[in-house]
Amino acid sequence: MKLVFAGTPEVAVPALDALIASDRHEVAAVVTRPDAPAGRGRRLVASPVAERAAEAGIEVLRPANPRDEEFLARLREIAPDCCPVVAYGALLPKVALDVPARGWVNLHFSLLPAWRGAAPVQHSVMAGDEVTGASTFLIEEGLDSGPVFGVLTEEIRPTDTSGDLLTRLAFAGAGLLAATMDGIEDGTLHAVEQPPQGVTLAPKITVEDARIDWSAPALRVDRVVRGCTPAPGAWTLFRGERLKLIQATPVLDRTDLAPGELSAAKNNVYVGTGSHAVELLWVQPQGKKPMKAADWARGVRIAHGELLGL
């Protein structure tokens with residue numbers, strides 16, 4: 001099939017690579033978000049998908065809005081058979097969905113109908129799911145509600161961050177998307193409607209969602225830290241300034257600390273929660289680089305009974 005691939009971040013690149021490597025399909029163009037300012041100089045930087053496509057000599061389309069008539073005219077001119085999508089980042093209007101004869105097929109990082117939305121992996125980790133996966137489905141106008149072509153499952157490990165899990169799913173999902181394109185092309189794969197039961201939503205995680213509630217149980221604190229790593233980053237307040245929490249672990253045998261209460265030893269930093277304590281392993285003070293929590297604690301000289309979160 002002639003394909004137009006739509007995607008933007010680094011997590012979409014493995015799937016693009018898999019389709020470029022396929023001897024059954026031609027990636028005629030990619031659609032990605034416009035170049036965006038990045039770094040201290042805020043200079044415009046191309047998306048990872050745009051950079052990979054340029055390296056491969058593939059045409060790059062960067063519509064500010066997928067409703068733009070110039071973009072739609074070029075899409076019709078290319079006349080793709082199918083448009084595979086991974087984390088494109090914009091809502092596709094019906095006028096665009098109608099262009100490819102075999103539709104737009106999205107690789108979504110959950111077991112649909114669970115975790116429909118922008119942040120399925122983060123929500124899955126934060127909810128304490130033991131298993132997640134990826135699904136390929138035919139895009140409709142509803143939110144991730146289209147019929148499913150294929151799925152794969154992936155265990156969520158006890159120490160997984162959302163970044164760890166998403167990286168594994170990106171590479172496993174690349175194979176799933178390529179196999180889905182093959183099955184659509186040869187007529188052996190047919191999409192199945194999603195069941196109405198089991199629908200959960202995964203909206204974008206906000207900065208406020210990533211703020212630690214120290215009155216919550218330690219397992220909840222651990223899940224929020226892992227689910228919000230690397231983005232947007234779990235955080236709390238220390239002496240009125242934001243402290244980012246990069247890595248922490250529950251300590252089941254310590255229950256003597258009040259919620260948010262700090263206790264620092266030579267090589268360990270503990271914080272009380274609504275159940276047992278958690279040990280802080282890596283933190284990032286405001287305006288500074290990430291550091292071991294014990295090094296941070298020595299530098300700030302934590303007072304007896306001092307609290308996080310105020």
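In the set Ile246, Ile205, only one residue is open to solvent by less than 40 Å² (accessible area, probe 1.4 Å), in contact (Cβ under 8 Å) with a residue 40 or more places away in the chain and in contact with a Pro (Cβ under 7 Å, 6 or more places away or on another chain); that residue is Ile205. Can you find, within region 225-256, the residue that is nearest to Thr161 (Cα to Cα) among those that are in a strand (DSSP E or B) and touching a Gly at 6+ places or on another chain (Cβ under 7 Å)? Checked region 225-256; the qualifying residue nearest to Thr161 (Cα to Cα) is Lys244. Considering region 213-234, the residues that are crowded, with 20+ Cβ neighbours inside 10 Å and of a type in the set (A, V, I, L, M, F, W, C) include one that is nearest to Leu310 (Cα to Cα), namely Trp214.
Within region 53-84, the residues that satisfy the criterion of being open to solvent by 10 Å² or more (accessible area, probe 1.4 Å), in contact with a helix residue (DSSP H, G or I) (Cβ under 9 Å, 6 or more places away or on another chain) and either acidic (Asp, Glu) or not in a loop (DSSP other than H, G, I, E, B) (or both) are Glu59, Val60, Leu61, Phe71, Asp81. Picking from residues in region 169-198 that are in a helix (DSSP H, G or I) and more than 24 Å from the chain's Cα centre (by Cα), the one that is surrounded by the fewest Cβ atoms within 10 Å (Cβ to Cβ) is Asp186. Residue count for region 92-108, restricted to those that are open to solvent by 30 Å² or more (accessible area, probe 1.4 Å), over 21 Å from Gly173 (Cα atoms) and either touching a Phe, Trp or Tyr at 6+ places or on another chain (Cβ under 9 Å) or part of a loop (DSSP other than H, G, I, E, B) (or both): 3. The numbered conditions (1) part of a strand (DSSP E or B); (2) open to solvent by 60 Å² or more (accessible area, probe 1.4 Å); (3) without any contact (Cβ under 8 Å) to a residue 24 or more places away in the chain are all true for Glu154 except (2). Looking across region 206-224, the residues that are of a type in the set (A, V, I, L, M, F, W, C), part of a loop (DSSP other than H, G, I, E, B) and out of contact with any Ser or Thr (no Cβ under 9 Å at 6 or more places or on another chain) come down to Val207, Ala210. When region 257-286 is filtered for residues that are open to solvent by 40 Å² or more (accessible area, probe 1.4 Å), under 22 Å from Val224 (Cα atoms) and part of a loop (DSSP other than H, G, I, E, B), the ones remaining, listed by number, are Ala258, Pro259, Asn268, Gly274, Ser275, Gln286. A single member of Ala29, Ala38, Ala18, Ala46 is open to solvent by 20 Å² or more (accessible area, probe 1.4 Å) and either among the hydroxyl-bearing types (Ser, Thr, Tyr) or touching a residue at least 24 places away in the same chain (Cβ under 8 Å) (or both), and it is Ala18.
The values are calculated or read from the model by the stated rules, or taken from the named source; none is laboratory data. All values derive from a computational prediction rather than experimental measurement. Ideal geometry is used to build each Cβ from the backbone, glycine not excepted, and the neighbour counts take in all protein chains shown. What goes into the accessible areas is simple: the full protein's heavy atoms, side chains included, and nothing from ligands, DNA or RNA. Shrake-Rupley method; radii C 1.70, N 1.55, O 1.52, S 1.80 Å.
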